[in-house]
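The values are calculated or read from the model by the stated rules, or taken from the named source; none is laboratory data. Just so you know, these numbers come straight off a predicted model, no measurement behind them. In this analysis, Cβ positions are derived from the backbone assuming ideal geometry, glycine residues included, and neighbour counts consider all displayed protein chains. These area figures cover heavy atoms from the full protein model, side chains too; ligands, DNA and RNA do not enter into them. Shrake-Rupley method; radii C 1.70, N 1.55, O 1.52, S 1.80 Å.
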Amino acid sequence: MAEVLVLVDHVDGEVKKVTTELLTAARRIGEPSAVWVGDGAEEGAARLAEFGAAKVYVAPAELNDYVVAPTAELLAKLAQESSAAAVLVSATAANKEIAGRLAVKLGSGVLTDVVALDVDDSGPVAEHSVFGGSVVTHARVRTGVPVIAVRPNSIAAAPAETPGEAAREAVTVELSDAAKAARVVERVQQEQGERPELAEAAIVVSGGRGVGSEDFSVVENLADSLGAAVGASRAAVDSGWYPNQFQVGQTGKTVSPQLYIALGISGAIQHRAGMQTSNNIVAVNKDPEAPIFELSDFGVIGDLHKVAPQLTDEINRRK
Amino acid sequence: MNIVVLVKQVPDTATERKLRPEDHTLDRAASDGVINELDEYAIEEALLLKEKHGGEVTVLSMGPDQATDSIRKALSMGADKAVHLNDDALHGSDALQTAYALSKALGTLEFDVVVLGSESTDARTGIVGAALAEYLGLPQLTLAGKVDIDGGSIRIQRQADYGYDVVEAELPAVVSVVEKINEPRYPSFKLIMAAKKKPVQKLTLADVGIEVPGDPADAEVGLAAAATEVVDAAAAPPRAAGTIVKDEGEGGLKVAEFLSAKKFI
Ligand SMILES: Cc1cc2nc3c(=O)[nH]c(=O)nc-3n(C[C@H](O)[C@H](O)[C@H](O)COP(=O)(O)OP(=O)(O)OC[C@H]3O[C@@H](n4cnc5c(N)ncnc54)[C@H](O)[C@@H]3O)c2cc1C
Ligand SMILES: Cc1cc2nc3c(=O)[nH]c(=O)nc-3n(C[C@H](O)[C@H](O)[C@H](O)COP(=O)(O)OP(=O)(O)OC[C@H]3O[C@@H](n4cnc5c(N)ncnc54)[C@H](O)[C@@H]3O)c2cc1C
């Protein structure tokens with residue numbers, strides 16, 4: 001069976017959930033081979049095996065000393081050597097860039113931000129949710145090795161019936177000068193806290209202008225009771241109430257969690273573009289006409305400063 | 001310093017956006033065209049670089065005739081001149097073909113920095129900057145939240161989930177910007193008037209060295225030659241109507257019941 005390359009997302013040896021989703025999707029196309037850049041592959045291999053990785057290509061951490069291009073060169077080399085049937089990456093900003101450069105190198109087409117992936121006789125068929133979720137399209141790659149970036153939380157991860165061997169194989173690539181042109185000279189970690197990462201989280205609780213001040217604790221407390229990530233509308237970010245990297249929407253992050261709770265968010269089309277594919281949507285808003293209610297599975301017309309704390313207390317009480 | 005800023009005209013996100021049923025490409029007649037929002041940030045950054053280091057800002061846009069409106073708007077923000085790549089054979093180009101065509105157009109210009117948005121609001125692939133760097137063989141300084149140029153060197157803060165990376169390179173380079181980088185200016189009346197007289201150079205594919213063969217499938221750009229293909233498009237099925245309740249003192253408890261029924265708590 002043809003190999004399907006899956007670029008692994010990992011932190012400190014721990015495989016991210018989206019990678020298990022990609023391996024699950026890769027099994028529909030062929031035999032998954034994981035591609036691990038950096039340290040920690042020994043710890044991560046068991047998890048990759050569970051989701052069907054037959055091989056784990058392990059490349060040195062030095063690839064990450066430069067922006068994106070080295071990983072694209074590595075994947076291009078592996079895809080050519082293994083005659084891969086497809087290359088899958090998660091649809092994060094950086095991985096989409098890798099996908100773009102890789103597709104140029106392979107002379108292939110690239111599909112980004114895919115929300116569902118099927119396979120028919122002619123290969124992978126990708127579903128997109130476009131224009132703020134109002135239109136659904138299906139697309140395919142007609143030339144070259146399909147390069148596909150899949151949105152986290154779009155595919156239900158399932159362990160393989162027979163686990164893969166996850167045989168580790170050290171690989172490297174002779175980097176071109178062009179790939180070394182943009183040098184990472186420092187990595188700055190900003191306060192992250194204990195909360196799950198926004199794009200990966202199963203539950204997201206977001207606050208908007210209705211929160212009313214930079215005191216976001218009403219949102220954070222509810223999020224923490226659910227083990228959720230915190231998000232924010234652009235109005236809240238622009239007001240300086242919550243940091244930029246938590247913005248959900250058109251020009252922020254796209255999330256697709258099992259549960260999205262919107263507190264004091266009106267539901268503008270640009271906000272919806274970032275959360276419309278969430279499985280369950282709950283909204284609290286004092287305006288019965290707020291468009292967010294049009295897509296809510298459950299909505300409360302009321303003051304979020306009353307409703308959210310009551311909900312938080314009730315969740316904590318039931319624990 | 002010569003700065004080229006890439007500007008894409010996109011349908012206004014506030015209007016109902018559509019694809020054309022016949023070929024699943026953007027229906028430009030259905031909505032008003034506006035400058036892609038992040039490109040306004042790119043223009044602002046280009047103008048700030050010019051104010052600091054001198055030189056000239058050139059707008060480069062690829063698109064049909066109506067893209068002229070967005071080009072004028074970019075000029076009215078303060079850019080000096082514009083280049084408009086406009087050719088029917090470009091219709092339906094995918095993201096990589098777009099990056100390729102832009103790279104060829106850039107080949108006709110002199111520049112130290114190319115500034116662009118990190119993502120468009122219509123197609124949202126977010127790959128044009130990376131693909132452009134690949135085609136041009138130039139350093140990729142994308143997702144920049146801050147840009148500093150010192151002589152022939154450039155340094156940016158590249159936004160990441162964990163914070164940011166500091167990235168350095170030598171010029172010329174490709175820089176894409178994120179929203180937090182600056183606050184775009186409003187065109188003044190004086191600049192709007194002045195913009196009407198600023199030069200806009202029209203380029204066809206032949207002008208940038210891209211051949212248009214008899215069979216469109218053999219071309220390097222355009223729908224028939226694209227490596228990707230949209231096979232169908234349909235309005236998203238409406239979400240089933242949810243339960244909406246008014247808070248009469250128990251709103252939080254009611255949400256808890258809903259979450260419990262769905263096994264979230
Ligand atoms: C090109 C473009 C890109 C954009 N990108 C994004 C993006 O990425 N993300 C994004 O979010 N927006 C984006 N926007 C902005 C978007 O159009 C809206 O302006 C924004 O989403 C509004 O945020 P909001 O819902 O928090 O605020 P508002 O629209 O002001 O809504 C606040 C809501 O809170 C309710 N409220 C007030 N007080 C309370 C209370 N005490 N209890 C309960 N409810 C209360 C109000 O009834 C109202 O519905 C973009 C806009 C453009 C033009
Ligand atoms: C709904 C939809 C989905 C699509 N999905 C895909 C897909 O999965 N794969 C694919 O290959 N193509 C896809 N396309 C086609 C692709 O979007 C277009 O080719 C587009 O011109 C370039 O992609 P982008 O807008 O996503 O670029 P992005 O990479 O998101 O744009 C980044 C920046 O590039 C610059 N830029 C982009 N286009 C131009 C231009 N014409 N002129 C000047 N500057 C420009 C702007 O500064 C912009 O901010 C899709 C198109 C639509 C309408």
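General remarks:
- Packing-based ranking of A:232-239, A:16-23, B:258-265 yields A:16-23, A:232-239, B:258-265, ordered from highest to lowest mean Cβ neighbour count within 10 Å.
- Counting Cβ atoms of other protein chains within 10 Å of each residue's Cβ and taking the mean over peptide B:234-244 gives 6.
- Of all the options B:LEU49, B:LEU191, B:LEU116, the one that moves most in a Gaussian network model of chain B with Cα springs shorter than 10 angstrom is B:LEU191.
- The protein assembly as shown has equivalent-ellipsoid semi-axes of 36, 31, 23 Å, by the square roots of 5 times the alpha carbon gyration tensor eigenvalues, sorted largest first.
- Among the listed pairs A:LYS17/A:LYS180; B:LYS18/B:LYS81; B:LYS52/B:LYS81, a Cα-Cα separation exceeding 27 Å is found for A:LYS17/A:LYS180; B:LYS18/B:LYS81.
- Principal axis dimensions, largest first and in whole angstrom, of chain B by Cα: 65, 48, 39
- Where Rh is the Kirkwood radius over Cα pairs, Rg/Rh for chain A: 1.00
- Rounded to 0.05, the FRET efficiency of the B:ALA261 and A:ASP238 pair, given R0 = 30 Å and the Cβ-Cβ distance, is 0.25.
- Mean partner shielding of peptide B:8-15, defined as the number of other chain Cβ atoms within 10 Å of each residue Cβ, is 2.
- Residues in the stretch A:91-117 that a label on B:ALA234 would reach, taking backbone N under 18 Å of a point 7 Å out along Cα→Cβ: A:115-117
- For the stretch A:3-180, the ratio of Cα radius of gyration to the globular rule of thumb 2.2 N^0.38 Å stands at 0.95.
- The relative contact order of chain A, computed from alpha carbon pairs under 8 Å that lie at least 6 residues apart in sequence, is 15 percent.
- Solvent-accessible area assigned to carbon and sulfur over chain A amounts to 45 percent, based on a 1.4 Å probe.
- Residues in the stretch B:147-174 occluded by at least 20 Å² - accessible area, probe radius 1.4 Å, against chain by itself: B:ARG158, B:ASP161, B:TYR162, B:GLY163, B:TYR164, B:ASP165, B:VAL166, B:VAL167, B:GLU168, B:GLU170
- Cβ-based charge dipole, the protein assembly as shown, positive-most Cα from A:ILE98, A:SER206, A:VAL115: A:SER206
- Summed over qualifying helices (DSSP H, 4 residues or more, each -39500 (n - 2.57)) and divided by its residue number, the protein assembly as shown shows a 222 nm mean residue ellipticity of -8000 deg cm²/dmol.
- Approximate spin-label separation B:ALA224-B:THR108, in nm, with each point projected 7 Å along Cα-to-Cβ: 2.3
- Other protein chain C-beta atoms within 10 Å of residue C-beta, averaged over A:63-72: 3.
- For A:GLU186 and A:ASP120, a Förster radius of 60 Å and the Cβ-Cβ distance give a FRET efficiency of 0.80, rounded to the nearest 0.05.
- Förster radius 25 Å - calculated FRET efficiency between B:GLU170 and B:ALA206, Cβ distance, rounded to 0.05: 0.15
- Between helix B:67-77 and chain B: long-axis angle, C-alpha atoms, 0 to 90°, nearest 10: 80
- Angle in degrees between helix A:304-318 and the longest Cα principal axis of chain A, rounded to the nearest 10: 70
- Magnitude of the charge dipole for the protein assembly as shown, about its Cα centre and with charges confined to Cβ atoms of Lys, Arg (+1) and Asp, Glu (-1), is about 1000 debye.
- Accessible surface buried once B binds A (1.4 Å probe; total of both sides; Å²): 6900
- The stretch B:108-164 and the stretch B:28-45 have Cα centres separated by 17 Å.
- Computed on protein heavy atoms with a 1.4 Å probe, the accessible areas place B:ILE210, A:ILE301 in the order A:ILE301, B:ILE210, largest first.
- Modelled spin labels at B:ALA217 and B:GLU22, positioned 7 Å past Cα toward Cβ, are 2.0 nm from each other.
- Chain A: angle of helix A:17-29 to the longest principal axis, Cα-based, in degrees nearest 10: 50
- Heavy-atom accessible surface of chain B: percent carbon and sulfur, 1.4 Å: 51
- Selection from A:ALA167, A:ALA26, A:LEU48, by position along the positive dipole direction of the stretch A:3-180 (Cβ): A:ALA26
- Assigned charges on the beta-carbon of Lys, Arg, Asp, Glu; the stretch B:2-225 dipole about Cα centre (debye): 840
- Simple rule: put +1 on each Lys or Arg Cβ and -1 on each Asp or Glu Cβ in the protein assembly as shown, find the dipole, and look at A:GLN270, A:PRO146, B:GLY249; the Cα lying farthest toward the positive end is B:GLY249.
- Within the stretch A:203-318: Cβ-based charge dipole about Cα centre, in debye rounded to nearest 20 (Lys, Arg +1; Asp, Glu -1): 200
- Accessible area expressed per residue, the protein assembly as shown, with surrounding protein chains retained (probe 1.4 Å, Å²): 40
- Per residue, the convex hull spanned by the Cα atoms of the stretch A:203-318 amounts to 86 cubic angstrom.
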